[in-house]
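The values are calculated or read from the model by the stated rules, or taken from the named source; none is laboratory data. Model, not experiment: these values are computed from the prediction. Every residue, glycine among them, receives a Cβ derived from its backbone with ideal geometry; neighbour counts consider all protein chains shown.
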Amino acid sequence: MLKKIVFGALVGFGALAVMLSVFMELDNSNEQKEQVKAEKKQEVMTDAVEVIAPHQDLNQEPIPVEMERDGSDVYIKMTSQITDIEIEPGNNYKAWTFNGEAPGPLVVVKEGDTIHFTLDNLDPAIPHSMDFHAVHTAPDKGFADVEPNEEGTFVYQASKPGVFMYHCGTDPVLSHIANGMHGVIIVQPDDGYPTDDEVDHEYVIIQNEWYKYNDLEDMMNNVPSQVVFSTKALHEGQLNTNGTIASIEDEPLTAKAGDKVRFYINNVGPNEVSSFHVIGTIFDDVYIDGNPANHMEGLQTLMLPASGGAVAEFTVKEAGDYHFVTHQFNHAAKGAKGRLLVTE
């Protein structure tokens with residue numbers, strides 16, 4: 001009998017030891033998993049492209065663009081600078097910018113204007129330049145690099161109306177555009193658009209992409225991390241945003257039921273196509289690249305290549321929320337959405 005009791009006790013202790021061993025293994029396994037997670041996180045941080053040393057603690061305050069008109073001569077002064085932009089909550093991107101904005105400030109001139117453009121390069125480390133898609137010029141002269149802490153002035157004519165991209169053209173161009181150096185210049189047609197008298201509201205919409213910070217390989221070979229809509233103030237009192245997630249969903253554009261709305265749209269890319277669509281309506285009139293000669297009617301979706309622009313007009317017949325997206329919904333899911341709030 002005593003042997004049975006001792007044997008049972010030994011069996012019980014053995015089972016307890018096995019259980020303790022299992023719990024310890026589970027605990028160790030959890031610790032190992034946490035350690036692996038921490039190591040992976042550290043690897044990601046280690047693999048991240050480092051900020052260029054002169055940019056490390058640099059966060060230059062946005063500087064307003066300077067524009068003055070003297071007859072048909074327009075004098076524009078812009079800066080190239082390094083400014084932090086929160087592209088989504090908790091994600092600050094040390095952007096290479098024009099005037100501390102990404103996309104850069106809206107530029108509006110008239111067909112036939114002569115542009116006297118000055119770029120003040122406030123970046124202490126890298127040359128920058130300006131490539132206006134709205135002009136004719138020899139690129140090696142009109143779009144020449146401006147060295148750090150220097151200014152350059154260039155003169156050219158805006159001879160065609162439209163909605164054009166501008167961007168830094170310094171090599172590697174992809175790095176400069178993807179890091180934030182892009183924007184829109186509108187050249188207003190001499191005789192306006194045929195539908196000018198019908199339009200009640202007009203807004204500027206810009207689509208851009210973000211990739212891993214200053215990672216040229218990611219920019220060349222991978223899909224964007226975020227695809228974003230922003231708006232720039234065309235008229236006093238309008239919203240002016242950077243390329244940040246949900247900026248024109250949280251603060252929607254506005255119109256009233258029955259209004260005809262005009263969008264000046266540009267896809268600054270740098271890599272992806274935009275399939276621009278306003279949910280709940282159809283485009284009455286579209287002017288491809290914003291040129292009145294390129295008129296189309298009744299489009300459901302507007303295809304914009306990288307750098308492509310358009311003027312698109314539509315009527316909102318009922319009150320409600322009208323969301324606009326790129327109909328490439330993988331990009332819409334990454335942030336390329338906006339909202340037009342229509343009231344009675």
Practice task
Look at segment 221-262 and say how many of its residues are in contact with a helix residue (DSSP H, G or I) (Cβ under 6 Å, 6 or more places away or on another chain) and either over 20 Å from Leu304 (Cα atoms) or free of Cβ contacts under 8 Å to residues at least 24 places away in the same chain (or both).
Solution key: 2
Practice task
For residues that are touching a Phe, Trp or Tyr at 6+ places or on another chain (Cβ under 9 Å) and part of a loop (DSSP other than H, G, I, E, B), scanning just segment 203-227, find the one that is surrounded by the most Cβ atoms within 10 Å (Cβ to Cβ).
Solution key: Pro224
Practice task
From the list Gly104, Gly162, pick out the single residue that is of a type in the set (Gly, Ala, Ser), more than 23 Å from Asp57 (Cα to Cα) and surrounded by 20 or more Cβ atoms within 10 Å (Cβ to Cβ).
Solution key: Gly162
Practice task
Could you tell me whether Asp218 is assigned by TED's automatic domain parsing to the domain that holds Ala312, of a type outside the set (Phe, Trp, Tyr) and either farther than 30 Å from Leu340 by Cβ or touching a residue at least 12 places away in the same chain (Cβ under 8 Å) (or both)?
Solution key: yes
Practice task
Would you point out which residue out of Ile126, Ile87 is among the β-branched types (Val, Ile, Thr), modelled with pLDDT of 95 or more and within 12 Å of His176 (Cα to Cα)?
Solution key: Ile126
Handout entry: Counted residues, segment 323-344 - those being among the hydroxyl-bearing types (Ser, Thr, Tyr) and closer than 16 Å to Ser230 by Cα
Key = 1
Handout entry: Failed criterion for Gly290 (all others in (1) at positive phi; (2) surrounded by fewer than 20 Cβ atoms within 10 Å (Cβ to Cβ) hold)
Key = (2)
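Return a yes/no flag: does segment 146-164 have any residue that is among the hydrophobic types (A, V, I, L, M, F, W, C), modelled with pLDDT of 95 or more and within 17 Å of the chain's Cα centre (by Cα). Steps first, please.
Filtering segment 146-164 down to residues among the hydrophobic types (A, V, I, L, M, F, W, C) leaves 146, 154-155, 158, 163-164.
Those still in the list that are modelled with pLDDT of 95 or more too: 146, 154-155, 158, 163-164.
Narrowing the set further to residues that are within 17 Å of the chain's Cα centre (by Cα) leaves 163-164.
Looking for residues that are among the hydrophobic types (A, V, I, L, M, F, W, C), modelled with pLDDT of 95 or more and within 17 Å of the chain's Cα centre (by Cα), one finds at least one in segment 146-164, hence yes.
Which one of Glu111, Glu43 is of a type in the set (Asp, Glu), over 23 Å from the mean Cα position of the chain (by Cα) and either at pLDDT 95 or above or in the same structural domain as Phe229 (by TED's automatic domain parsing) (or both)? It would help to see each step written out before you state the result.
Values: Glu43 fails: either at pLDDT 95 or above or in the same structural domain as Phe229 (by TED's automatic domain parsing) (or both).
Sole residue among the options that is of a type in the set (Asp, Glu), over 23 Å from the mean Cα position of the chain (by Cα) and either at pLDDT 95 or above or in the same structural domain as Phe229 (by TED's automatic domain parsing) (or both): Glu111.
Quickly run through segment 261-275 and pick out the residues that are more than 18 Å from Pro103 (Cα to Cα) and either within 15 Å of the chain's Cα centre (by Cα) or of a type in the set (S, T, N, Q) (or both). Explain how you work it out, then say what you get.
As a first pass, look at segment 261-275 and keep what is more than 18 Å from Pro103 (Cα to Cα): 261-262, 275.
Passing the criteria: only Ser275.
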